[in-house]
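Got a structure for you, questions after.
The values are calculated or read from the model by the stated rules, or taken from the named source; none is laboratory data. Treat the numbers as computed from the prediction; the structure is a model and nothing was measured. Every residue, glycine among them, receives a Cβ derived from its backbone with ideal geometry; neighbour counts consider all protein chains shown. Ligands, DNA and RNA are excluded from the accessible area calculation, which covers all protein heavy atoms including side chains. Shrake-Rupley method; radii C 1.70, N 1.55, O 1.52, S 1.80 Å.
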Amino acid sequence: MFQTMAAPGAGSAGHALPGAYRRAGAALVAEWIKLRSLRSMLLTPLLGAIASIGISATAVSNNATGWAHLDAVQKAQFDPLYINLNFVFLGVLLFGVLGALVATNEYGSGLIRTTLAATPQRGLVLAAKAVLAGLVSFALAVVIIFTAFFAGQAILAGAHAPHVSLGDHNVLLHLLGNVYYMTAAGLIGLFTGVLVRSAAAAVTSVFMLLLVLPLLADKITPDAVTRHTVPYLPLNLGDEMSHHYAGLSPGAAVAGLAVWVLVLAAAAAFSLRDRDA
């Protein structure tokens, strides 16, 4: 009797899981089709990548040219990796804006209503957007960071200036840290876009969070509050992780950025669930 009654339940569970996989796959495919159909979503990352790599190469070339004219103190302070990756600050803003546009484009066009009608599970829609934005951001960040690194270090080596290789101490960790930082910025932009639902407001919010707020906070006279809050702003966490300034450990900075992403993801999911499209 027990075996007879249990069998249908087991069968239902077996069919439910493939059904969930199909819905998740369909949501990802739909988001990918929408993303690649937008010309701006193809041209903007391409132009951003070219600009980032070009800025890095220009900065490295200028420093390599001036290496022979530096005094002993300046040569001792010469950091080939920092010079090479100093463009990441601008790259993070680019990724944050791209993430915001991925989310807000549908609100501006009204397509979000069709999306939610086709996929009523709003959490699934947000998850599909986040997975796709995270994968695209990660792939683009890998291309930008490693291309800029190899090009920059080749320029330094050609000018007989100090340079590093991928196998040198902590170099790979620095590169991966910057990839993680840029990917996190893309997700922060995405969830911010879902929260505000306007391209202009989302871009402004991203700039405020990733650029303006940290710069203003650094101007405040340090006190007990700022010492325990300012280091945890995304920009400062990224600097701690990628450049190892005195302060938080790289592991704490990685965790801090993850908390920012998760908190904004939870807020975006709650907002999407409880608001009309």
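Relative to the longest principal axis of the C-alpha atoms of the chain, give the angle of the C-alpha long axis of helix 122-158, reported between 0 and 90° and rounded to the nearest 10°.
Once rounded, the angle reads 20 degrees.
Output the 0 to 90 degree angle, nearest 10, between the alpha-carbon long axis of helix 171-196 and the longest principal axis computed from the alpha carbons of the chain.
50 degrees
Do the sum for the chain: with -39,500 (n - 2.57) for every DSSP H run of n ≥ 4, divided by all residues, what is the mean residue ellipticity at 222 nm, to the nearest 500 deg cm²/dmol? Please report the intermediate quantities before stating the final value.
Details: 12 runs with 218 residues, N = 277.
Result for the chain: -26500 deg cm²/dmol, rounded to the nearest 500.
Tell me, what % of the accessible area of the stretch 106-236 is carbon and sulfur with a 1.4 angstrom probe?
On the way: 4400 of 6130 Å².
Answer for the stretch 106-236: carbon and sulfur cover 72 percent of the accessible area.
Which lysines have a Cα lying under 17 Å from the Cα of Lys34, excluding residues fewer than 8 positions away in the same chain?
Once the sequence-local lysines are set aside, what remains near Lys34 is Lys129.
Further, regarding this structure: So, counting K/R as plus one and D/E as minus one, what does the shell of residues with Cβ under 15 Å around Ser40 add up to? Walk me through the intermediate numbers first.
Values: positive: Lys34, Arg36, Arg39; negative: Glu106.
After counting each charged neighbour, the total is +2.
How compact and how long is the chain, expressed as Rg and Dmax of its alpha-carbon atoms in Å?
22.5, 90
Any idea what Rg and Dmax come out to for the stretch 103-214 if you just take the C-alpha atoms, in Å?
That works out to 18.7, 61 Å for Rg and Dmax.
Can you tell me the 0 to 90 degree angle between the C-alpha axis of helix 88-109 and the longest principal axis of the chain, rounded to 10?
In the chain, helix 88-109 runs at an angle near 30 degrees to the longest axis.
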